[in-house]
Amino acid sequence: MESHLYITKIKILSPNLLKLNFMRTFKLCLSIFLFLISFTAINAQKASAEDKAKENTEKLNQKLKAINESLVLTADQSKAVYEAYLNGEKAMAEARKSATTDEEKKEKQQPIRKEMNANIRKNILSKEQRTALNESSSKDKK
């Protein structure tokens with residue numbers, strides 16, 4: 001009779017144990033899933049300086065191409081523009097790290113961005129490319 005009572009207790013406890021194990025497993029899986037999603041979202045927002053430099057170089061080239069097909073960047077210009085954007089992005093990343101507020105970030109990044117764009121326009125682009133960009137920018141502002 002004692003063994004029969006033991007088996008009955010196990011049968012009674014088994015559904016509760018299964019629920020408890022299921023809930024623990026579910027919570028663990030949910031926690032892992034949420035961690036992975038948040039980690040992926042954070043990394044997606046923080047594109048690397050190389051990716052941003054490449055994207056900005058392509059945008060500039062597309063803008064020049066839209067103005068006139070003959071104004072596209074040469075291979076040497078593309079490399080120089082990429083390097084300028086890369087150095088600028090790295091400097092802006094440092095400025096973002098050292099800043100505590102959004103306003104401070106903007107104040108620190110603005111001169112870096114201005115210097116980077118001025119360097120590209122004055123030292124890398126040809127006179128024709130510069131003129132076309134300036135005309136395009138003035139039309140966009142109107």
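The values are calculated or read from the model by the stated rules, or taken from the named source; none is laboratory data. Keep in mind that this is a model prediction, so the values were computed, not measured. As a convention, Cβ positions derive from the backbone with ideal geometry for all residues, glycine included, and neighbour counts pool all protein chains shown. Please note that ligands, DNA and RNA were not included when accessible areas were found on the heavy atoms of the full protein model with its side chains. Shrake-Rupley method; radii C 1.70, N 1.55, O 1.52, S 1.80 Å.
If I filter the range 45-77 down to residues being among the hydroxyl-bearing types (Ser, Thr, Tyr) and open to solvent by 70 Å² or more (accessible area, probe 1.4 Å), which single residue comes out as farthest from the chain's Cα centre (by Cα)?
Taking the range 45-77 as the starting set, the residues that turn out to be among the hydroxyl-bearing types (Ser, Thr, Tyr) are 48, 57, 70, 74.
Still in the running and open to solvent by 70 Å² or more (accessible area, probe 1.4 Å): 70, 74.
Values: Ser70: 32, Thr74: 27 Å.
Checked the range 45-77; the qualifying residue farthest from the chain's Cα centre (by Cα) is Ser70.
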For residues that are free of Cβ contacts under 8 Å to residues at least 12 places away in the same chain and either in contact with a Gly (Cβ under 6 Å, 6 or more places away or on another chain) or within 20 Å of Ile120 (Cβ to Cβ) (or both), tally how many sit in the range 89-109. 1
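Among the residues of the range 31-42, is there at least one that is farther than 18 Å from Gln129 by Cβ, surrounded by 11 or more Cβ atoms within 10 Å (Cβ to Cβ) and at pLDDT below 70? Show your work before the answer.
Step one: list which residues in the range 31-42 are farther than 18 Å from Gln129 by Cβ, which gives 31-42.
If we keep only those that are surrounded by 11 or more Cβ atoms within 10 Å (Cβ to Cβ) as well, we get none.
No; the residues of the range 31-42 include none that is farther than 18 Å from Gln129 by Cβ, surrounded by 11 or more Cβ atoms within 10 Å (Cβ to Cβ) and at pLDDT below 70.
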Near pairs, Cβ below 6 angstrom, 6+ apart or cross-chain, from the range 61-88 (modelled with pLDDT of 90 or more and outside any helix (DSSP H, G or I)) to any residue that is among the polar types (S, T, N, Q) and surrounded by 13 or more Cβ atoms within 10 Å (Cβ to Cβ): Val72/Asn61; Leu73/Asn61
